[in-house]
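A short write-up of the structure that comes next.
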Amino acid sequence: SERFSKLAGVHQDKLLGGLLSARFSEGTCLSRYQSVAFRKKMPHKPSSYLISRLRRYEILHEKCGPHAESYNKTLEQLKFGRQPESSDCSYVVWISFSGLGNRILTLASAFLYALLTNRVLLVDPGVDMVDLFCEPFPEVSWFLPLDFPLKGQFNSFNQNSPSCYGRMLKDNVSANLHGLKPPSHVYLHLVHDYDDQDKLFFCDENQDFLQKIPWLIMKTDDYFIPSLFLMPSFEQELKNLFPNKETVFHFLGQYLFHPTNSVWGLITRYYQAYLAKANEKIGIQIRIFDSGSGPFQYVLDQILACAVKENLLPEISRQDSITSPSGTKSKAVLVTSLTSWYSQQMRSMYWEHPSTTGELVGIYQPSHEEYQQTEKQIHNRKALAEMFLLSFTDVLITSSWSTFGYVAQGLGGLKPWILYKPENQSAPDPPCGRAMSMEPCFHSPPFYDCKVRRGVDTGALVPHVRHCEDMSWGLKLV
Ligand code: GDP
């Protein structure tokens, strides 16, 4: 049928305007080709320069990836601590760390950094990455082989590790950075608790030193791309890659993250059973960072106040005489939350009362996992499925500070209404505001001017890097 062929992506631009490589067989990863049929048609197109850089990256990855001759050679240096001779391959190794939303953002950040520095990205499979994501690069895996020599140290790498770059800088305060013998590997600590020395990663002169090191091992839980846009050495390249700065995660995310067939099954079955037929699909992502057990009435009040004020959902009427003739518009609301209480309240509300507009409102929530269980596979599959389902909605309401919501908005190309963070257990006024852009927020950026070596407001330097709507000290691309 026509519907099926549309969902199968037959009439669609399957390769997303050239963003995706044509060198894959479809059946191994259905989501790569089918996602496009579920998303709103995007006004944005990837730049031809981005496309050509991705194809070039794929060739580099094939040449340098796991078990290639150059890989084995560069590994020798690491194993025997040999002085790196000029090798044609160098690497960023991404350590699997933190919640799934965070990991998706950090992986995109590490990939862009690899692209900018001509490195190859290798991914620590952690406990669930293989289960969740298809291979994004043709022919050669992006997963780090299990026998990688430093693998056993990934969990214990921290700011005190001798190979930590920030610690190296502290230990050599007086020494000229460039006088240091470049080691075969360096650990980059870019976790939110990092210190002033770790943050020097974002200075050009430190990049000159890092460039000589074949293995950079990176641990991060943050979307650090906004700060790369403040580095003069990357400026021109980033301009060419992303003429529209708001689309960085949108394109990198659509290029890198393709759910495996088992996760894709969770996504498509749910979509087709509950969402496909509605005239409008509204996503509400509820993530509460307040202490205390919850659920909270004031959060429900805030969500409803936002949805009604912004005309996303109709008000309910106390008059029972309103009926909905057949052919009335229907709205499907996809709620994601660790608890089911909010959606239960909303469902009862729209069942027990008619809406003032006569519109029919259905409330759907795929799971309620009660608490975060980062190490459990089906739990993470559901989390990924829900991020994708949210990205397939027409309008989105998200919670402040949540990377889970950032992933959904970025993949979907949606500017969400952000629920402002409640203070003192009460709903803020206004309850929500429209995001400036679909980009994620970098929660722990440096506030340092590398040139003059003193503090500076990095959210006020250029028009396209601003403070975030949901976190006053964060930075985002607009
Ligand atoms: P963040 O903490 O909101 O920035 O998002 P993360 O994804 O990094 O970490 C939160 C984790 O908690 C997710 O990865 C899930 O494991 C779980 N989680 C939080 N909210 C939800 C939800 O709405 N649905 C599901 N299935 N899991 C959630």
>> In whole Hz and in residue order, list the ³J(HN,Hα) couplings for region 296-310 that follow from phi through the Karplus curve 6.51 cos²θ - 1.76 cosθ + 1.60, θ = phi - 60°; x for Gly and Pro.
In response: 10, 4, 5, 6, 4, 4, 5, 4, 5, 4, 5, 5, 6, 4, 8
> Setting aside same-chain residues fewer than 8 positions from Lys329, which aspartates and glutamates have a Cα under 14 Å from its Cα?
Replying inline: Glu280, Glu359
> Cα-Cα over 19 Å: which of Lys245/Lys421; Lys245/Lys309; Lys245/Lys382; Lys281/Lys376; Lys40/Lys415; Lys151/Lys219?
Replying inline: Lys245/Lys421; Lys245/Lys309; Lys245/Lys382; Lys281/Lys376
>> Tell me the mean residue ellipticity at 222 nm calculated for the chain from its helices only (DSSP H runs of n ≥ 4, each -39500 (n - 2.57), averaged over every residue, nearest 500).
In response: -10000 deg cm²/dmol
> Going by alpha carbons, how many degrees (0 to 90, nearest 10) lie between the helix axis of 100-116 and the longest principal axis of the chain?
Replying inline: 40 degrees
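May I ask for the net charge around Trp341, where only other residues with Cβ less than 15 Å from the Cβ of Trp341 are counted and Lys, Arg are +1 while Asp, Glu are -1?
Surrounding charge for Trp341 is -2.
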> Classify region 96-205: rounded, prolate or oblate, from the alpha-carbon gyration tensor (a ≥ b ≥ c, eigenvalue square roots; a/c under 1.5 rounded; otherwise prolate if a/b is larger than b/c)?
Replying inline: prolate
> Cα convex hull of region 227-322: how many Å³ per residue?
Replying inline: 238 Å³
>> As I understand it, the value is the acute angle between the Cα axis of helix 48-64 and the longest principal axis of the Cα atoms of the chain; what does it come to in degrees, rounded to 10?
In response: 50 degrees
>> Apply the Karplus curve 6.51 cos²θ - 1.76 cosθ + 1.60, θ = phi - 60°, to the phi angles in region 255-269 and return the couplings in whole Hz, x for Gly and Pro.
In response: 6, 8, 9, 10, x, 5, 4, 5, 5, 4, x, 4, 5, 6, 4
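Select from region 189-230 those trypsin sites (Lys or Arg not before Pro) which occupy a DSSP coil region and have at most 15 other Cβ atoms within 10 Å, ordered by residue number. Kindly include the intermediate steps, with their values, before the conclusion.
Values: sites: Lys199, Lys212, Lys219; in loops: Lys212.
Loop-located and lightly packed - Lys212.
Quick check on the exposure proxy: order Ser400, Ser109 from fewest to most C-beta atoms within 10 angstrom.
Ser400, Ser109
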> Mind listing the phi-derived Karplus ³J(HN,Hα) values for region 167-172, rounded to whole Hz, using 6.51, -1.76 and 1.60 with θ = phi - 60°, and x for any glycine or proline?
Replying inline: 5, 4, 5, 5, 5, 10
> Taking H as built 1.01 Å from N, whose amide H comes closer than 5 Å to the amide H of Ile363, not counting residues under 5 places away?
Replying inline: Val333
> For Glu69 and Tyr298, FRET efficiency with R0 = 51 Å and r from the beta-carbon atoms, rounded to 0.05?
Replying inline: 0.25
>> Could you compute the net charge surrounding Glu58? Neighbours are other residues with a C-beta less than 13 Å from the C-beta of Glu58; K and R count +1, D and E count -1.
In response: +2
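Read-outs throughout are calculated quantities, based only on the coordinates presented, and are distinct from any laboratory measurement. Every value quoted in this text rests on a predicted model; they were computed, and no experiment measured them. Every residue, glycine among them, receives a Cβ derived from its backbone with ideal geometry; neighbour counts consider all protein chains shown.
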